[in-house]
Amino acid sequence: MTKHFLKISKDFSETPGARYYSDGNFSGEEFYEKILRYAFKEALEDDSKLVIDLDGTEGYATSFLDETFMRLAKEFGKETVLKNIELISIEEPDWKDEIISYIKDVE
C-alpha cells in the first residue's frame, strides 16, 4: 500500500489552536476543512494510507484533536479512518492513543 504524508507543523501550523474558527487562528475546524479532509480523501482515492506526523508543533489543545479527528470519523466512518491513517509522534506518543480514542468514540 502506498502512503500519503501530512506533517501538521509544515502543512498547517506550528501553533495549532483550539476547536473552532471563533476560538482564534489555526483551529481544528480550519485544519479539518482546509487540509485534513482533502488529504484523507485523496489518500482513499489512491487506495493509500494517510500518514499524519504530529511532531514539530508547540502542542495540541484537546479540542483541536477532538474536532479534527472526530469529524473525520463522522464523515468517512471510524473503521475506514482507523484502517487508512497512520499516526506518528515521537515527541508525545500519547497523542496517538488520544486520537484513536476520539475516533473510536464516534457513533
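All of the numbers you see were taken from the coordinates with simple rules; none came from a lab. Source: prediction; values computed, not measured. Neighbour counts run over all protein chains shown; Cβ positions are idealised from the backbone, glycine included.
Structure values in brief
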item: Selection status of residue 67, of a type outside the set (Val, Ile, Thr) and closer than 19 Å to residue 106 by Cβ; result: yes
item: Which numbered condition residue 18 misses (of (1) aliphatic (A, V, I, L, M); (2) assigned to a loop (DSSP other than H, G, I, E, B); (3) under 25 Å from residue 80 (Cβ atoms)); result: (3)
item: Single unsatisfied condition, residue 60 versus (1) buried (at least 16 other Cβ atoms within 10 Å of the Cβ); (2) in a helix (DSSP H, G or I); (3) aromatic (Phe, Trp, Tyr); result: (2)
item: Scan of the range 1-21 for residues that are polar (S, T, N, Q), surrounded by 15 or more Cβ atoms within 10 Å (Cβ to Cβ) and touching a strand residue (DSSP E or B) at 6+ places or on another chain (Cβ under 8 Å), ordered by number; result: 9
item: In the range 47-70, the residues that are under 19 Å from residue 84 (Cα atoms) and among the hydrophobic types (A, V, I, L, M, F, W, C); result: 50, 51, 52, 54, 65, 69, 70
